[in-house]
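Encoded as structure tokens, the structure appears first; notes follow it.
The values are calculated or read from the model by the stated rules, or taken from the named source; none is laboratory data. Remember, it's a predicted structure, so these values are computed and weren't measured experimentally. Don't worry about glycine lacking a Cβ; one is built from the backbone with ideal geometry, like all the others, and counts go over all protein chains shown. The accessibility values were calculated without ligands, DNA or RNA, using every heavy atom of the protein model including side chains. Shrake-Rupley method; radii C 1.70, N 1.55, O 1.52, S 1.80 Å.
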Amino acid sequence: MKVTVYNYRSFDEKELFERYGEELGIELVLCPDAPNTENAALAKGSECIDILTSKMPEELLKVFADYGVKYVTTRTIGYDHIDVKAAQKFGMTVANAPYGPCGVADYAVMLILMTIRKMKRIMERTNIQDYTLMGIQGRELKDLTVGVIGTGRIGKTVLKNLSGFGCGLLAYDLYESDEVKESGVPYVSLEEMWKKADVITLHAPLTDENYHMINGDTIARMKDGVMIVNTARGGLIDSEALIRGIETGKIGGAGLDVVENEFGLYYYDHKSDILNNRELAILRGFPNVTVSHHMAFYTDDCVKTVVRDSLMGCKCFVEGRENPWEVK
């Protein structure tokens, strides 16, 4: 069997693809670029393609379907970059490769701590040998209430990580977890979350229903000085509303690993480019906003897991075996 791999990174994925390709008996075609109409021909003869967070709209999926591709797997947990309905229309199966929750959960807690301690300002001052204290007095987690939106594997791990800090904890999810309830963390409505949380951290998938769940109206109902952390999907937050909230002081700080309209931006070198993302430029300029480039997942364990499991899913599909990575 043959699998065509797009968005291939030689510096961290090469050894893993070679190892697992050999172990699984898979011939690999490796392409460093995102899938597009020009390089789609590389997939000719491959039933499966393996991608990252590249947009896969209906018209591009049709091109791959015409080349005989029947299976699209993404080396990510999220698959909102793939038009799943269009894939199904063309008889294509979509799959993902969920990694362990610890990397993102650790990163979320790090961003929470950086935000409440004003770490961006501290590091910028240190870099220019400005050792003054005015304006960088932080807060302690024990004095704050953290609201966790989304209590899947990552959200639950964040709650466990935060439990040792002595802070108040609140949870929200459409599907409440018995494990979270048994830990003593109360589930509340979003309305109560907005009223009570000093810090809000997002761990929900992006859907049509929760798109821009944090917007001008919901921000207005939050506590003054609320801090927002997002390691999930950029579309959960209305960027313009977030900017207004920061400018007015309603929002006291933010830690953002994801932003709106980041497709095609991450993970490429754009240092000499003029980017078509004005909101990102504004957010990066605020002294109380830390922005990283969708890095929360990026650990040695994660990279190994997504390469291995994406290829194992391809093998299951081709051999007609039960496939735990298939998106239902």
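Normalised by the number of residues in region 203-328, what is the relative contact order in percent for Cα pairs under 8 Å and 6+ residues apart? Working shown, then result.
Details: 138 pairs, mean separation 26.2, N = 126.
This gives 21 percent for region 203-328.
In the chain, what cysteines have no partner Cβ closer than 4.7 Å?
C31, C102, C167, C302, C316
Give me the 1.4 Å probe accessible area per residue for the chain, excluding ligands and nucleic acids, in Å². Please report the intermediate quantities before stating the final value.
Details: 16080 Å² over 328 residues.
Roughly 49 Å² per residue, with all protein chains present.
If you place +1 on the Cβ of every Lys and Arg, -1 on the Cβ of every Asp and Glu, and leave all else neutral, what size is the dipole of region 176-328 about its Cα centre, to the nearest 20 Debye?
320 debye
Sum up the charges of everything whose Cβ sits under 9 Å from the Cβ of H294, counting Lys and Arg as +1 and Asp and Glu as -1, but leave H294 out. Display every interim value, and only then the final one.
On the way: positive: none; negative: D257, E262.
Overall, the nearby charge balance is -2.
Can you find, among T299, G216, G234, the residue sitting farthest towards the positive end of the charge dipole of region 194-328, where Lys and Arg contribute +1 and Asp and Glu -1 at Cβ?
The residue sitting farthest along the positive end of the dipole is G216.
So what are the ³J(HN,Hα) numbers for region 217-228, from phi and the Karplus equation (6.51, -1.76, 1.60; θ = phi - 60°), rounded to whole Hz, Gly and Pro as x?
With coefficients 6.51, -1.76 and 1.60, one gets 5, 6, 4, 4, 8, 7, 5, 4, x, 4, 10, 10 Hz.
Extending each Cα 7 Å along its Cβ direction at L265 and Y67, get the distance between those two points in nm, one decimal.
Taking the simple label geometry, L265 and Y67 are separated by 2.8 nm.
Which of the following values of Rg and Dmax of the Cα atoms in Å was calculated from the structure shown: (1) 23.2, 92; (2) 19.1, 59; (3) 21.1, 64?
Derived directly from the coordinates: (3).
What dipole magnitude, in Debye to the nearest 20, does the chain give about its Cα centre under +1 on Lys/Arg Cβ and -1 on Asp/Glu Cβ? All intermediate terms of the calculation are to be shown ahead of the outcome.
Working: 37 positive and 48 negative charges, 135 e Å.
For this selection, approximately 660 debye.
From the C-alpha coordinates alone, can you work out the Kirkwood hydrodynamic radius of region 30-151, in Å? List each step's numbers first, then the result.
Working: mean 1/r = 0.0553 Å⁻¹.
After inverting the mean inverse Cα-Cα distance, the result is 18.1 Å.
For region 242-280 and region 131-210, what is the separation of their C-alpha centers, rounded to whole Å?
One Cα centre to the other: 22 Å.
Can you find, among L275, M119, V63, the residue farthest towards the positive end of the dipole of the chain? Put +1 on the C-beta of Lys and Arg, -1 on that of Asp and Glu.
M119
How many percent of the accessible area of the chain is carbon or sulfur, using a 1.4 Å probe?
Values: 8280 of 16080 Å².
So the carbon and sulfur contribution to the accessible surface is 51 percent.
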